[in-house]
Amino acid sequence: MTVFQPSDAAEAAEVVAWAAAEGQSLEIVAGGSKRGLGRPPRADHRLDVSRLAGIVDYDPAELILTARAATPMAEIEAELKAKRQMLAFEPPDWRGLMGGDGEPTLGGVLACNFAGPRRVRAGAARDYFLGFSAINGWGEVWKAGGKVVKNVTGYDMCKLQAGAHGTLSVLTEATLKVMPRPETACTILLEGMADEIAIPELLRALNTPYEVSAAAHLPASVARRSAVEGVAQGLGAVTALRLEGPAPSVAFRANAIESLLGHGLRLAAAETERLWAEIGQVRGLLPSGRQRVWRLCPTPTSAPVVSNALRAQFDSAEAFYDWGGGLIWLGLDADEAGPDGGASRVRAAMREAGGHSTLVVAPDDVRARTAVFEPLHGALAALMKRVKSGFDPRGVLNPGRMHEGQ
Amino acid sequence: MIAMPPADQAVLARRAEIVVALRRIVPGEGVIDAEHERRAFECDGLTAYRQLPMVVVLPETTAQVVEVLRYCSANNVKVVPRGAGTSLSGGALPLEDGVLLGLGKFNRILEIDIANRCVVVQPGVTNLGITHAVQAHGLYYAPDPSSQIACTIGGNVAENSGGVHCLKYGLTTNNVVGIEMVTMDGEAVRLGGKHFDASGYDLLGVMVGSEGMLGVVTEVTVRVLPTPPGARALMIGFPSVEGAGDCVAAVIGDGIIPGGMEIMDRLAIEAAEAFVHAGYPLDADALLIVELDGCEAEVDHLIAAVEAIAARHGATSCRASQSEEERLLFWAGRKAAFPAVGRISPDYYCMDGTIPRKRIGDVLLRMKQMEARYGLRAANVFHAGDGNLHPLILYDANKPGELERAEAFGSDILRLCVEVGGVLTGEHGVGVEKRDLMDTMFNEIDLNQQQRLKCAFDEKSLLNPGKVFPQLCRCAELGRMHVRAGQLSFPNLPRF
Ligand SMILES: Cc1cc2nc3c(=O)[nH]c(=O)nc-3n(C[C@H](O)[C@H](O)[C@H](O)COP(=O)(O)OP(=O)(O)OC[C@H]3O[C@@H](n4cnc5c(N)ncnc54)[C@H](O)[C@@H]3O)c2cc1C
């Protein structure tokens, strides 16, 4: 096991070309904060790209930022904040959740196609990924996309690279579309709704023209764990809706939402920021201790049915909802979840709803035994395999990270 | 003119037999054989290129598409998918030895799911048809190409089409959440759905914008959005296009993302004003239209903010729409810019490059110099928010050599876009038109990697070949592993 630490993309490409020639495989690591995501690494060596860091170009008026793949997110976020801009997809910080202490980097956020609470309104990392340079499994340096916000020249390879967990190419540099930071924000908290009532209400709010930018529901036991006072102090469940924009507009829309859904407690901008960061980070809202954590993406209207089915299966199930029901975070007691982390029963509960589920937190041995990502079948699975071999035929890059052989 | 791949004589020789076989799959009028009827399909919106297809097939079900593609794949027959045929890059240009697969009969809206804000449609439904289906519920489909009355959602998916609203609301790719597609070997697969994201690689993301080369789309699920309660537009005159460009940069720099933001140059203003009498300022060298949408409180607040920015950037005139009629009037000239230019010139050729917005001044200056060199004029309309230029080159196809000069001028403009850090196409696609310019943006390795993706979907290169890539795919060769075993050492590479 060798750890390679190239100082530029050309050196990194040499390592990959060598590995391909010698039949060796590589685990791609930058900050390492999400090493525990996906199936456990089984590579012969490690390619540590953390020296490929730094912002290359940031032009706020063009809404464009180009940075090397291992640039820390903290650095990017600070630069953007100084110019009153942001990454609209609100990449969450999963360090607490994954139990890692590594530094989250741009490459990792893109490779995992991250998205935070604003997903309902603004999309995921994939939607802001404009172009990149990368190294394929042959060790060739290649590029796709561009450095402008609108471009349809060639296949949209950014979409493939986002969410590929480093199994198609090693990202070395990426260009993103950035957006202005809203002038202000507030959150409306509605109390005491059962899941079956709350999810339709969230969807109703998202269907209004009042531009709700985040919509979550925290059942009572989850809400009580919140570090945000207004959320934790109530007695029951908390349903939260965020509004962002210019101050007069936010005030108007907050009133409009309340006249539709009823009056609630309002969180001002600072508390709003804390609450949605906490929801994105997940960890603090689920029970501590030996837990398996699942991330489920059902069709939003089916979310309450899914969590009822889960509660029927697991006494220890604790869940909360983001994305208007389109995202369920589920915590299970490790013993009750069993040797597969609960996979068979979780997936049975999801079957009717449509969508997919990922086992995010479990020890290596559990993740090695279980399909961490929703298994694929038939023609689709075969197509995915062919795509993989079009980029990395020898399985050099993060072998088996997503699925067996991929 | 750009050449299509040479026709497969063996396939042409079997034409009659192929038609019979296709009739067995799609009965009745679904297979068009007569030459005069095939004529209707000989070109798309890039009318300089024409080719009679070998045969036209108009299936009505996914099962028929599966059977047609299975047959064509087994018999090495090429296939070109087609929606409404409004592509401006020749994406739907037929092949002499190919089946033209028209999806026009897939014209049903399958499901309107208000709670999940999704609409499931067949690919032949028009872009505007989706909005019409949901507008009674206060919803709309955001990407709005100017061709939206005619173009199909299947074509939009293939081209990743945009519109005036896409700076704020995204392109097709950001608003399509699922598809059903059939690969060239006749396998139907579903990608995405009403849920967020999907397991495995984002094949939906790469299908969008794939110009009909990776699969035939047979069903589309789109996300629809609540209609903004109101919108107002500003019509702002500037003494120069650069001034207008600086104003756009300042608006965005101030944190405002308008619903739409368009620039027109003097020639475009004059043509549009003569056509629709929108009250455009004829003394201005550039017109900037900015639309702010949202709730009333927000719109009025932002109108005032943009007015102030415009004044600081040397605007010579600025009017805010006071009614919905007036707002639509401001837009009428911009929306009719193409036909308006069509009135002042026998023909025009519409280009579509994107540049970093800050380069607009140089680019227009260099375009002026090219006008002199080619002896042709160009009018400019410009999706200013995202730097997407639409120069309209005026020419007369009846004058010998003018079309060729217009094409050469167009290619020079696109090379210039790339040179200043931009790209060949912002929304119309590469198609046939820009195929041979791909190497201005990409080297051989980049293009090979794109082709390897094509090979994963269509190993025999039968689906829409001859488009986008200057060279036909050689999948066997691309798949081979060229390794330089034993030559590598890492003199300076730290190891641990
Ligand atoms: C006047 C005018 C204005 C326009 N304005 C805009 C604009 O503002 N913005 C913009 O982005 N574009 C614009 N366009 C371009 C064009 O309308 C779009 O590219 C549109 O998406 C094409 O749709 P279509 O149904 O006509 O597709 P076609 O032209 O029939 O086909 C286009 C491509 O899609 C493929 N295709 C079609 N259907 C399918 C399917 N079901 N499965 C797989 N592949 C398929 C074809 O093979 C071809 O490659 C304009 C065109 C015109 C004529």
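The values are calculated or read from the model by the stated rules, or taken from the named source; none is laboratory data. In this text the structure is predicted, and so the values were computed from the model without any measurement. Every residue, glycine among them, receives a Cβ derived from its backbone with ideal geometry; neighbour counts consider all protein chains shown. Only protein heavy atoms, including side chains, enter the accessible area calculation; ligands, DNA and RNA are left aside. Shrake-Rupley method; radii C 1.70, N 1.55, O 1.52, S 1.80 Å.
Given the C-alpha centroids of region B:374-440 and region A:184-242, what is the distance between them in whole angstrom?
51
Give the ranking of B:LYS105, A:LYS83, A:LYS34, B:LYS467 by solvent-accessible surface, highest area first, calculated with a 1.4 Å probe.
Sorted by accessible area, descending: A:LYS83, B:LYS105, A:LYS34, B:LYS467.
Given a 1.4 Å probe and every protein chain left where it sits, what share in percent of the accessible area of region A:28-124 is carbon and sulfur?
Carbon with sulfur: 43 percent of the solvent-accessible area.
By average Cβ neighbour count within 10 Å, what is the ranking of B:322-332, B:357-367 from highest down?
Working: B:322-332: 15.6, B:357-367: 19.4.
Averaged packing, sorted descending, gives the order B:357-367, B:322-332.
Let me check the size of region A:286-369 from its C-alpha atoms; what are the radius of gyration and Dmax in Å?
So, for region A:286-369, Rg and Dmax equal 11.6, 34 Å respectively.
Return the long-range amide H neighbours of B:VAL164 (sequence gap of 5 or more, or a different chain), with a cut-off of under 5 Å between placed amide H atoms.
Under 5 Å from the amide H of B:VAL164 lie the amide H atoms of B:ASP144, each far enough along the sequence or on another chain.
Quick check: convex hull of the Cα atoms in the protein assembly as shown, volume per residue, rounded to a whole Å³?
With only Cα atoms used, the protein assembly as shown gives 157 Å³ per residue.
Could you work out the mean count of beta carbons from other protein chains within 10 Å of each residue's beta carbon in A:205-215? Don't skip to the end; give the middle numbers.
On the way: counts 0, 5, 10, 3, 11, 4, 6, 1, 0, 0, 0.
For peptide A:205-215, the averaged partner shielding equals 4.
Between A:ASP364 and A:ALA74, take the C-beta separation as r, use R0 = 30 Å, and let me know the FRET efficiency to the nearest 0.05.
After rounding, the FRET efficiency stands at 0.65.
Determine the dipole magnitude for the protein assembly as shown: charges of +1 sit on the beta-carbon of Lys and Arg, -1 on that of Asp and Glu, nothing else is charged, the reference point is the Cα centre, and the result goes in debye to the nearest 20.
So the magnitude is around 1300 debye.
Going 7 Å from the Cα of A:GLU191 along its beta-carbon direction, which residues of region A:267-299 have the amide nitrogen within less than 17 Å of the resulting point?
A:267-268
First measure r as the distance between the Cβ atoms of A:GLU352 and B:GLU35, then evaluate 1/(1 + (r/R0)^6) with R0 = 51 Å and state the FRET efficiency to the nearest 0.05. Walk me through the numbers before you get to the answer.
Values: r = 52 Å, r/R0 = 1.02.
Given R0 = 51 Å and the Cβ-Cβ separation, E is 0.45.
Using a Förster radius of 25 Å, what is the FRET efficiency between B:LEU12 and B:LYS105 based on their Cβ-Cβ separation? Nearest 0.05, please.
0.40
Averaged across B:439-449, how many Cβ atoms of other chains sit within 10 Å of each residue's Cβ atom?
5
For region A:1-97, what class follows from the C-alpha gyration tensor (a ≥ b ≥ c being the square roots of its eigenvalues): rounded when a/c is under 1.5, otherwise prolate if a/b is larger than b/c, else oblate?
Numbers: a/c = 3.18, a/b = 1.71, b/c = 1.86.
Verdict is oblate for region A:1-97.
Using the Kirkwood radius over C-alpha pairs as Rh, can you work out the diffusion coefficient of region B:1-120 via Stokes-Einstein at 25 °C, viscosity 0.890 mPa s, in µm² per second?
The calculation lands on 161 µm²/s.
Pop a pseudo-label 7 angstrom from the Cα along the beta-carbon direction at both B:GLU419 and A:GLU229 and give the gap in nm to one decimal.
Going by the 7 Å Cα→Cβ label model, 6.3 nm.
Share of region A:286-369's accessible area from carbon and sulfur, percent, 1.4 Å?
It is 48 percent, rounded to a whole number.
In the structure displayed, which of A:LYS150/B:LYS434; A:LYS385/B:LYS454; A:LYS143/B:LYS368; A:LYS147/B:LYS358 lie more than 21 Å apart, Cα to Cα?
A:LYS143/B:LYS368
Could you tell me whether region A:68-122 comes out rounded, prolate or oblate from its Cα gyration tensor? Rule is a ≥ b ≥ c as square roots of the eigenvalues, rounded for a/c under 1.5, then prolate if a/b exceeds b/c, otherwise oblate. Before the final figure, lay out the partial values.
On the way: a/c = 1.69, a/b = 1.15, b/c = 1.47.
Oblate, because a/c is 1.5 or more while a/b does not exceed b/c.
With a 1.4 Å probe and every protein chain left in place, work out the accessible area per residue of the protein assembly as shown in Å², rounded to a whole number.
Spelled out: the 1.4 Å probe surface of the protein assembly as shown, per residue, equals 34 Å².
By its C-alpha gyration tensor, with a ≥ b ≥ c as the square roots of the eigenvalues, how is region A:184-283 shaped: rounded for a/c under 1.5, else prolate for a/b larger than b/c, else oblate?
Oblate.
A plus B alone minus the pair: what accessible area, both sides summed, probe 1.4 Å, in Å² to 100?
Details: alone 17130 and 21630 Å², together 30710 Å².
Heavy-atom accessible area buried at this interface is about 8100 Å².
Hey, what do the phi angles of region B:179-195 turn into as Karplus ³J(HN,Hα) couplings, whole Hz, using 6.51/-1.76/1.60 and θ = phi - 60°, x for Gly and Pro?
9, 10, 9, 10, 7, 4, 8, x, 9, 8, 10, 10, 10, x, x, 6, 7
Starting at the first residue of region A:343-354, write each ³J(HN,Hα) from the Karplus equation 6.51 cos²θ - 1.76 cosθ + 1.60 with θ = phi - 60°, in whole Hz, x for Gly and Pro.
3, 5, 6, 4, 6, 5, 5, 7, 3, 5, 6, x
Might you report the magnitude of the Cβ-based charge dipole of chain B about its Cα centre, with Lys and Arg at +1 and Asp and Glu at -1, to the nearest 20 debye? Can you show the working numbers first?
Numbers: 45 positive and 61 negative charges, 201 e Å.
That gives chain B a dipole magnitude of about 960 debye.
Determine the sum of side-chain charges near A:SER288: Lys and Arg each +1, Asp and Glu each -1, restricted to other residues whose C-beta is under 14 angstrom from that of A:SER288.
Values: positive: A:ARG224, A:ARG225, A:ARG283, A:ARG290, A:ARG292; negative: A:GLU318, A:ASP333.
Every neighbour counted, the sum reads +3.
Could you work out how far the C-alpha centroid of region A:30-102 sits from that of region B:450-480, in angstrom?
34
Using a 1.4 Å probe over the heavy atoms of the protein chains, calculate the carbon and sulfur portion of the accessible area of region B:106-166 as a whole percent.
Working: 1070 of 1950 Å².
Accessible surface attributable to carbon and sulfur in region B:106-166 totals 55 percent.
For the residue pair B:THR47 and A:MET1, what label-to-label distance in nm results when each label sits 7 Å from Cα along the Cα-to-beta-carbon direction?
Result: 6.8 nm between the two label points.
In chain B, what is the volume of the convex hull around the alpha carbon atoms, normalised per residue and reported in Å³? Write down the numbers at each step before the final one.
Numbers: hull volume 96.9 nm³, N = 496.
That works out to 195 Å³ per residue.
I want to verify the translational diffusion coefficient of chain A in µm²/s; compute it with Stokes-Einstein, Rh as the Kirkwood radius over Cα pairs, at 20 °C and 1.002 mPa s.
Answer, rounded: 98 µm²/s.
Could you calculate the contour length gain from B:ASN398 to B:SER323, that is, 0.36 nm times the residue separation minus the distance between their Cα atoms, to one decimal place in nm?
22.6 nm
Once the dipole of region B:246-397 is set up with Lys and Arg at +1 and Asp and Glu at -1 on Cβ about the Cα centre, which of B:GLY342, B:SER323, B:GLY279 lies farthest towards its positive end?
B:GLY342
When all alpha-carbon pairs of region A:3-180 are counted, what percent fall beyond 19 Å?
54
In whole Å, what is the distance between the alpha-carbon centres of region A:114-170 and region B:120-193?
For region A:114-170 versus region B:120-193, the Cα centre distance is 21 Å.
Report, as an integer, the average count of C-beta atoms from other chains found within 10 Å of each Cβ along B:292-299.
Across B:292-299, the average partner-chain Cβ count within 10 Å equals 5.
If you average 1/r over all unlike Cα pairs in region A:168-214 and invert the result, what Kirkwood radius do you get in angstrom?
This gives a value of 14.6 Å.
To the nearest 20 debye, what charge dipole does region A:286-369 have about its Cα centre, counting +1 at the Cβ of each Lys and Arg and -1 at the Cβ of each Asp and Glu? Provide the component values of the computation, followed by the final result.
Working: 9 positive and 10 negative charges, 46 e Å.
So the magnitude is around 220 debye.
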